[in-house]
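Please read the structure below before turning to the comments.
The values are calculated or read from the model by the stated rules, or taken from the named source; none is laboratory data. Note that the structure is a prediction, hence the values are computed from the model and not measured. Cβ placement follows ideal geometry from the backbone for every residue including glycine, while neighbour counts extend to all protein chains displayed. To get the accessible areas, we keep the full protein, side chains included, count just its heavy atoms, and leave off ligands, DNA and RNA. Shrake-Rupley method; radii C 1.70, N 1.55, O 1.52, S 1.80 Å.
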Amino acid sequence: MAVNLDVLLQGPIFDFWAVPVVFKPIKSQPGQPDYTRRGILNTYSLDVAGLDGQLYSDQRTILDIRESEFSVLPQQDDHLVIPKDCNNVPRGEYQITDASSDGGGQTMLTIRTFETIM
């Protein structure tokens, strides 16, 4: 018997942790209006070792989404706006730089802050 992780596991996790997100389908659906779904925002620290032994510290910001909640998945170069995170802090606009599926119904979007220069 197959186990449906999207229904049994991800549903309750997203019900607890996910926040509303406005997606701007610039690349995945050009010309279509923005739409609201939900996602789980997280940031990971990332240490990269150089050939000389030096460490470079950076971070990776991600947004996990449930594939079953989308008719067309967001893709690289789409934008998204997170009005407030789970701590009620405004987060702003991001650009998707990468998307990878876990094969169980969840996709991890790697995102970076998007700022316009005036």
Open item on the list: Checking the condition under 12 Å from the mean Cα position of the chain (by Cα), at pLDDT 95 or above and not basic (Lys, Arg), which residue from 26, 82 passes?
Closed with: 82
- [ ] From (1) open to solvent by 40 Å² or more (accessible area, probe 1.4 Å); (2) among the aliphatic types (A, V, I, L, M); (3) under 21 Å from the mean Cα position of the chain (by Cα), pick out the condition that doesn't hold for residue 21.
- [x] (1)
- [ ] State whether the residues of region 48-55 include one that is surrounded by 11 or more Cβ atoms within 10 Å (Cβ to Cβ), among the β-branched types (Val, Ile, Thr) and either without any contact (Cβ under 8 Å) to a residue 24 or more places away in the chain or in contact with a strand residue (DSSP E or B) (Cβ under 8 Å, 6 or more places away or on another chain) (or both).
- [x] no
Open item on the list: With outside any strand (DSSP E or B) and at pLDDT 95 or above as the only criterion, which of 77, 64 stands out?
Closed with: 77
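Part of a strand (DSSP E or B), more than 30 Å from residue 3 (Cα to Cα) and not aliphatic (A, V, I, L, M): which single residue out of 47, 85 fits that description? Spell out the reasoning first.
On the way: 85 fails: part of a strand (DSSP E or B).
One residue alone meets the criteria, 47.
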Open item on the list: Pairs please, first residue from region 10-34 and closer than 15 Å to residue 95 by Cα, second anywhere and among the aromatic types (Phe, Trp, Tyr) and in a loop (DSSP other than H, G, I, E, B), Cβ atoms under 9 Å, 6+ apart in sequence or on different chains.
Closed with: 23/70
Open item on the list: exposed (fewer than 15 other Cβ atoms within 10 Å of the Cβ) and in contact with a Phe, Trp or Tyr (Cβ under 8 Å, 6 or more places away or on another chain): which single residue out of 85, 78, 34, 58 fits that description?
Closed with: 34
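I'd like to know if region 16-23 contains one or more residues that are modelled with pLDDT of 95 or more and either among the small types (Gly, Ala, Ser) or in contact with a helix residue (DSSP H, G or I) (Cβ under 9 Å, 6 or more places away or on another chain) (or both). If you could, list the steps in order and put the result at the bottom.
From region 16-23, those modelled with pLDDT of 95 or more are 18-23; that's our starting set.
Within this subset, residues satisfying the condition of being either among the small types (Gly, Ala, Ser) or in contact with a helix residue (DSSP H, G or I) (Cβ under 9 Å, 6 or more places away or on another chain) (or both) are 18.
Yes, region 16-23 has at least one match.
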Task: Residue count for region 88-118, restricted to those that are within 14 Å of residue 42 (Cα to Cα), among the hydrophobic types (A, V, I, L, M, F, W, C) and surrounded by fewer than 18 Cβ atoms within 10 Å (Cβ to Cβ) - done: 1
Task: Residue within region 35-44 that is of a type in the set (Gly, Ala, Ser), touching a strand residue (DSSP E or B) at 6+ places or on another chain (Cβ under 6 Å), under 24 Å from residue 104 (Cα atoms) and assigned to a strand (DSSP E or B) present - done: yes
